[in-house]
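Take a look at the structure below.
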Amino acid sequence: MGIRPQNLNFDLRLLNPGQFSAPYHFHRHAEELFMVVSGTMTLRTPERLEIVNRGDIIFFEMGVTGAHQFYNHGSEPCIIWMFEPSSAMMCANTLIPGNCCWLLRMRYSTKDPN
């Protein structure tokens with residue numbers, strides 16, 4: 001029996017080289033959380049462009065301060081794990097300049113620490 005959340009969507013997305021995740025946008029009534037599972041990408045926010053890598057966790061606020069877009073600038077596919085509210089809340093809006101998102105650098109290793 002599969003998981004059937006009512007208020008949360010989570011999804012693994014593949015972002016191929018040269019591909020954008022979506023148009024540059026924000027969500028008026030929803031927050032989003034992303035984890036870079038593999039690869040490296042360029043993150044666009046209202047404040048800057050930044051390189052994000054495997055293990056990075058990125059939180060986007062609702063509203064214009066959480067505007068975002070990913071671009072795979074590399075030669076290898078990237079995988080992103082997305083956490084977002086149910087689709088009823090996810091209406092995207094075009095960008096109006098604002099502030100930023102929160103980026104948490106969480107590096108991890110697949111090696112056994114013992």
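Among the residues making up region 40-65, those that are buried (at least 18 other Cβ atoms within 10 Å of the Cβ) and closer than 16 Å to residue 79 by Cα are 41, 43, 52, 56, 58.
Would you check which residues across region 65-85 are acidic (Asp, Glu) and either closer than 13 Å to residue 14 by Cα or over 10 Å from the mean Cα position of the chain (by Cα) (or both) and list them?
To start, the set of residues in region 65-85 that are acidic (Asp, Glu) comprises 76, 84.
76 - this is the single residue of region 65-85 that is acidic (Asp, Glu) and either closer than 13 Å to residue 14 by Cα or over 10 Å from the mean Cα position of the chain (by Cα) (or both).
On the stretch given as region 26-35, residues that are open to solvent by 30 Å² or more (accessible area, probe 1.4 Å), modelled with pLDDT of 85 or more and among the charged types (D, E, K, R) total 1. Is region 105-114 home to any residue that is in a strand (DSSP E or B) and either surrounded by 13 or more Cβ atoms within 10 Å (Cβ to Cβ) or modelled with pLDDT of 55 or more (or both)? No, there is no match, as no residue in region 105-114 is in a strand (DSSP E or B) and either surrounded by 13 or more Cβ atoms within 10 Å (Cβ to Cβ) or modelled with pLDDT of 55 or more (or both). Checked against (1) at pLDDT below 95; (2) open to solvent by less than 60 Å² (accessible area, probe 1.4 Å), residue 88 passes all but a single condition, namely (2).
If you check residue 23 against the conditions, is it open to solvent by 30 Å² or more (accessible area, probe 1.4 Å) and modelled with pLDDT of 85 or more?
Values: open to solvent by 30 Å² or more (accessible area, probe 1.4 Å): yes; modelled with pLDDT of 85 or more: yes.
When the stated conditions are applied, residue 23 passes them.
The values are calculated or read from the model by the stated rules, or taken from the named source; none is laboratory data. Being a predicted model, the structure only gives us computed values, none of them experimental. Backbone-built Cβ (ideal geometry, glycine too); neighbour counts: all protein chains shown. Keep in mind that these areas ignore ligands, DNA and RNA; they rest on the heavy atoms of the full protein, side chains included. Shrake-Rupley method; radii C 1.70, N 1.55, O 1.52, S 1.80 Å.
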